Amino acid sequence: MSRWITAALVSLVTVLTLTVRLDAQAPQGSGTVPPGIDSARVALARYKDPVAAVRDGYLSTVACMDFPVAGHAGYTPFSAGAMGVHLLNMGLIGPQPDPARPPVLIYEPHGDTLQLVGAEWFVPTQVAKERPQLFGRPFDGPMAGHEPIMPATLEHWDMHVWFWRPNPAGLFSPTNAAVKCPRSVNTVLMREDHHAH
């Protein structure tokens, strides 16, 4: 009988170990990786070097966006957290989002370097009246522009994907509590009455 119990325990531990490993590799909190996520992560990995992003037409908004208090942007709720520094490529904004070419790359400042943590697909409502979709899910919004880095009149849809920084609120949450903005002149602390991603 003790051999049977030992074999059963070994089997149970093996199954639990495999389950934990598979869950650790999947996006935060999900049992499966949404379609297109892995290929987009691979395609965007070249931008771990922010100089490569600048060479490809991305320009920095300079500000590190920090949301110390949870709130909502239009119809989209967000948790307390940060969005980091956005590098924007205006040439990639269009009505049909391309999973391998996001208009926005999201970086977290670390000393004098930037670490790529995610990407954002951004579509103004003037360009697409209907809610866009990507990775099998609808975009957030519509919402007003996020002052001070864009005019409040720039109504848009957006989708954040935290490819390289696990997010306690989920892979597609607008903000990420694991992303930190340094206390500096380039950090913008958003108040509750500000519009947020």
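The values are calculated or read from the model by the stated rules, or taken from the named source; none is laboratory data. Note that the coordinates shown come from a computational prediction; the quantities given were computed from them, not determined experimentally. Every residue, glycine among them, receives a Cβ derived from its backbone with ideal geometry; neighbour counts consider all protein chains shown.
Observations on the structure shown:
- Unique match (being hydrophobic (A, V, I, L, M, F, W, C) and farther than 18 Å from Trp162 by Cα) among Val104, Val54: Val54
- Residue in region 138-147 that is free of Cβ contacts under 8 Å to residues at least 24 places away in the same chain, in a strand (DSSP E or B) and more than 20 Å from Val42 (Cα to Cα) present: yes
- For region 151-183, a tally of residues being part of a loop (DSSP other than H, G, I, E, B) and either touching a residue at least 12 places away in the same chain (Cβ under 8 Å) or under 17 Å from the mean Cα position of the chain (by Cα) (or both) returns 23.
- Condition check for Glu120: in contact with a Lys or Arg (Cβ under 9 Å, 6 or more places away or on another chain), surrounded by 18 or more Cβ atoms within 10 Å (Cβ to Cβ), of a type outside the set (A, V, I, L, M, F, W, C) and in the same structural domain as Arg165 (by TED's automatic domain parsing): no
- Segments classed as strands (runs of 3 or more DSSP E), wholly inside region 1-119, with at least 1 members that are modelled with pLDDT of 70 or more and more than 18 Å from Met143 (Cβ to Cβ): 59-67, 81-88, 104-110
- For region 34-61, a residue qualifies if it is out of contact with any strand residue (DSSP E or B) (no Cβ under 6 Å at 6 or more places or on another chain) and closer than 17 Å to His110 by Cα, and the qualifying residues are Asp49, Val51.
- Residue list for region 94-132, restricted to those being among the acidic types (Asp, Glu) and out of contact with any strand residue (DSSP E or B) (no Cβ under 7 Å at 6 or more places or on another chain): Asp98, Asp112, Glu130
- The set of residues from region 119-137 being free of Cβ contacts under 8 Å to residues at least 60 places away in the same chain and closer than 24 Å to Val33 by Cβ comprises Trp121, Phe122, Val123, Arg131, Pro132, Gln133.
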